[in-house]
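Below is one structure, written out as C-alpha cells, with a few remarks after it.
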Amino acid sequence: MAITRFAPSPTGYLHIGGLRTALYSYLWAKKTGGEFKLRIEDTDTQRNNEDAVRAILEAFEWVGMPSDCEIEYQSKRTDIYKKYIAQLLEEGKAYKCYMSREELDALRASQEAAKQNPRYDGTWRPEDGKILPPIPEGIEPVIRIKAPLEGTIEFEDGVKGLMKFDANQVDDFVIARANGMPIYNFVVAIDDHLMGMTDVLRGDDHLSNTPKQIVIYNALGFDVPKFYHMPMINNPQGKKLSKRDGAMDVMQYKEDGYLPEALLNFLVRLGWSNGDQEIFSMDEMLELFDPNNINKSASAYNAEKLLWLNAHYIKNVSNDRLANELEYFGCIIHGHDKKEMLLDLCKERAQTLIELKDAIENILNTPTEYEAKGSKKFVKEGTIEMLQNYLSVLETNKDSLHIAPDYEAITKPFIEENGLKFPQLFQPIRIALTGGTQAPSVYDIEAVLGFDEVKTRIEAAIAVNFGKEA
Ligand code: GLU
C-alpha cells in the first residue's frame, strides 16, 4: 500500500509536468489501495500567492484527482517544524551558527579561489573537546544540521537505480533561518514523514535535495521513503519545454477544449509505456501503471498526439457528457430535440470541444451571409430552379423525412432523374444551410434541421440570390 503525495509550490499555475508527477503519484497510491495526498508548499511568502493556490486546486478538481486527506499547507505548520528544530538542538544533532554574512561571503570567496566547492567549514559545529568561538553580539544564529562528515548517502531510486552521494557533498546546511523560520529541505522531510509517505515521486530536478532530506530523516530517526525521480518532459527538439510547446497552465487545456481524460492519457504515456498501447482509460492506467517502469530518459511533448487522443475521447464519451462540457463554451444543446443526431454527426470530425462547438453552431445558426467564392462557383443559371424543384419533392414526402437515410432515399432519385452531378445540388444546399461549402453530409444536416428549417433556409438564400450581385 503506497501513500504518495503531490507537493506543489504555489508560485504560479499548475503546469503539465507537475500534473504528470501528480498523476503518477495518484495512480500508484490508488493502484495499491493506498492514499494520495496534496500538500501546498507555501513557505516562501515572497513568491507564493493565493491565486496560484486556487488555480492549482481548480486544476485538480478539473482532472478529478482529489486528495485523500485535508490539504496540508506548510505555512500553517511552522510550530510543528520548530518543535523538531528544538528537539535536534537538544539532542546535539543540530547547532547554532553565528557566522555573519561577511564571514560566509569571505569563506565562499576563498573556496572559489581555491577551486573548491563552496561548503560550510564547520566553524560552529560542536565536537567533543572542541572549543567554539565566543558568541558574537548582535547576531541571531541560524540553525545547522550536523551532517555526516564521511561515508556515503545512498538510496535505491525506483527510476534511476542505486544513487550514491559522498557525504562530504552535503555540508552542515541551514535548517532554520536567523528569524527562526525552517527551510525547505527540512520541512519537506518532516512533512513527508508526518503525512505517512511511503513513496515519493517527483521530478529529477529535485534529485540534489534528496541526500539532504535523507540526512534529516536519519537525524530524526524517521524511515526513509522510496524515491522515484522522474526525467523531465522536453519539447520535440529535446530542449526544455517552453510555454509555446505546451508548458502552459493545465487550465489552459480546458480553455482550449481538451477533455481531462485525454490530457491524463497523454501524460501517462509521457514517461511510461505498456508495449505500444496508446489509449488508456483510468481503469487501465490503474491496472497497468507501475512507477518502477518509468522511463529513464526524458520524454518529448507531442502536440499532435494530444489532439489525436482528444479526438478519440470526444468520439467515445457519451453525448450527455459532451453536452455538459459544451455548456462551458456557451454552447447549450441539452434539450435540443436533435441533440443525439447533432452530436453523433459533429463529434466525428472534432479534435477539440471548440471545434465541436463550431461544427454544431455552423449547423444550428442560420447563416447571415453566404460564402462569395462558393456562391460564384456553384450557384449558376438553373440552380435556383433546381433548388425549388428539390424543395417541392421534399415537401411532397415531408412526413417520411426523419433521419439522414430518409433524405437520401428522396434525394438520390432526384439527382438521377434530373441528370445532376452531386456537387451541383449539394454545394448550393450546403451554402444555403450553413453559409459555406465546408459542412458534413447534406443528408445529415437536413435530418438535424428538419424539413421546415431546410425549406426556410433554402428559400432565404434564394431570396437574396445567395448574396450574389444581381
Ligand atoms: N514543492 C516542490 C515543487 O513544487 C516539490 C517538492 C517535492 O516534490 O519534494 O517543485
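The values are calculated or read from the model by the stated rules, or taken from the named source; none is laboratory data. Predicted model only: the values in this text are computed from it and were never measured. Note that we place each Cβ from the backbone using ideal geometry, even for glycine, and neighbour counts take in every protein chain shown. With ligands, DNA and RNA removed, areas are computed over all heavy atoms of the protein, side chains included. Shrake-Rupley method; radii C 1.70, N 1.55, O 1.52, S 1.80 Å.
For Asp171, the conditions (1) at pLDDT below 95; (2) in contact with a strand residue (DSSP E or B) (Cβ under 7 Å, 6 or more places away or on another chain); (3) acidic (Asp, Glu) all hold with the exception of (2). Scanning segment 14-55 for residues that are open to solvent by less than 40 Å² (accessible area, probe 1.4 Å) and on the phi > 0 side of the Ramachandran plot yields a total of 0.
Look through Lys315, Lys296, Lys305 and report the one residue that is among the basic types (Lys, Arg) and closer than 26 Å to Met1 by Cα. So that I can check it myself, show each step before the final result.
Working: Lys315 fails: closer than 26 Å to Met1 by Cα; Lys305 fails: closer than 26 Å to Met1 by Cα.
The match here is Lys296.
Quick one: count up the residues across segment 358-376 that are loosely packed, with under 13 Cβ neighbours inside 10 Å and outside any helix (DSSP H, G or I). The number of residues fulfilling the criteria is 4. Taking the numbered list (1) modelled with pLDDT of 95 or more; (2) within 16 Å of the chain's Cα centre (by Cα); (3) surrounded by fewer than 22 Cβ atoms within 10 Å (Cβ to Cβ) in turn, Val317 passes all entries but (2).
Test Val187 against the criterion of being part of a loop (DSSP other than H, G, I, E, B) and modelled with pLDDT of 95 or more, and give yes or no. Taking the combined requirement at face value, the residue does not satisfy it.
Kindly indicate whether Pro66 is assigned to a loop (DSSP other than H, G, I, E, B) and away from the ligand (no atom under 12 Å from the Cβ).
Values: assigned to a loop (DSSP other than H, G, I, E, B): yes; away from the ligand (no atom under 12 Å from the Cβ): yes.
Judged against the criteria, Pro66 is a match.
Scan Gln351, Gln388, Gln427 and give me the residue that is over 42 Å from the mean Cα position of the chain (by Cα) and open to solvent by 20 Å² or more (accessible area, probe 1.4 Å). Selected residue: Gln388, the only one of Gln351, Gln388, Gln427 that is over 42 Å from the mean Cα position of the chain (by Cα) and open to solvent by 20 Å² or more (accessible area, probe 1.4 Å). Among the residues here, Val159 qualifies as touching a residue at least 60 places away in the same chain (Cβ under 8 Å), away from the ligand (no atom under 12 Å from the Cβ) and either in contact with a strand residue (DSSP E or B) (Cβ under 7 Å, 6 or more places away or on another chain) or closer than 23 Å to Gln46 by Cα (or both). Scanning segment 17-56 for residues that are assigned to a helix (DSSP H, G or I), more than 10 Å from the ligand (Cβ to nearest atom) and over 17 Å from Asp68 (Cα atoms) turns up Arg20, Glu50, Asp51, Ala52, Val53, Arg54, Ala55. Comparison of Ala189, Ala219, Ala178 shows that the only residue that is more than 16 Å from the ligand (Cβ to nearest atom) and open to solvent by less than 30 Å² (accessible area, probe 1.4 Å) is Ala219.
Quick check on this structure: which one of Glu61, Glu90 is closer than 30 Å to Glu255 by Cα and modelled with pLDDT of 95 or more? Show your work before the answer.
Numbers: Glu90 fails: closer than 30 Å to Glu255 by Cα.
Only one candidate qualifies: Glu61.
Per the listing Ile384, Ile415, Ile363, Ile458, the residue uniquely aliphatic (A, V, I, L, M) and within 27 Å of Glu327 (Cα to Cα) is Ile363. Residues in segment 1-13 that are open to solvent by less than 10 Å² (accessible area, probe 1.4 Å) and either modelled with pLDDT under 90 or of a type in the set (Val, Ile, Thr) (or both): Thr4 alone. Can you find a residue that is within 13 Å of the ligand (Cβ to nearest atom), open to solvent by less than 50 Å² (accessible area, probe 1.4 Å) and β-branched (Val, Ile, Thr) anywhere in segment 200-211? Scanning segment 200-211 turns up at least one residue that is within 13 Å of the ligand (Cβ to nearest atom), open to solvent by less than 50 Å² (accessible area, probe 1.4 Å) and β-branched (Val, Ile, Thr). Of the helices (runs of 4 or more DSSP H) that lie entirely inside segment 247-293, those containing 3 or more residues that are within 17 Å of Leu306 (Cβ to Cβ) span 250-255, 260-269. Just so you know, in segment 56-77 the residues that are touching a strand residue (DSSP E or B) at 6+ places or on another chain (Cβ under 7 Å) and of a type in the set (Ser, Thr, Tyr) include one that is least open to solvent (accessible area, probe 1.4 Å), and it is Ser67.
Of all residues in segment 222-244, those that are within 22 Å of Asp166 (Cα to Cα) and open to solvent by 20 Å² or more (accessible area, probe 1.4 Å) total 4. Contact map, segment 118-132: first residue closer than 19 Å to Gln169 by Cβ and open to solvent by less than 70 Å² (accessible area, probe 1.4 Å), second residue charged (D, E, K, R) and in a loop (DSSP other than H, G, I, E, B), Cβ cut-off under 7 Å, separation 6 or more or different chains; pairs are Tyr120/Asp171; Tyr120/Asp172; Gly122/Asp172; Arg125/Lys146; Arg125/Asp172. Among the residues examined, Ser75 does not qualify as more than 10 Å from the ligand (Cβ to nearest atom) and within 27 Å of Asn293 (Cα to Cα).
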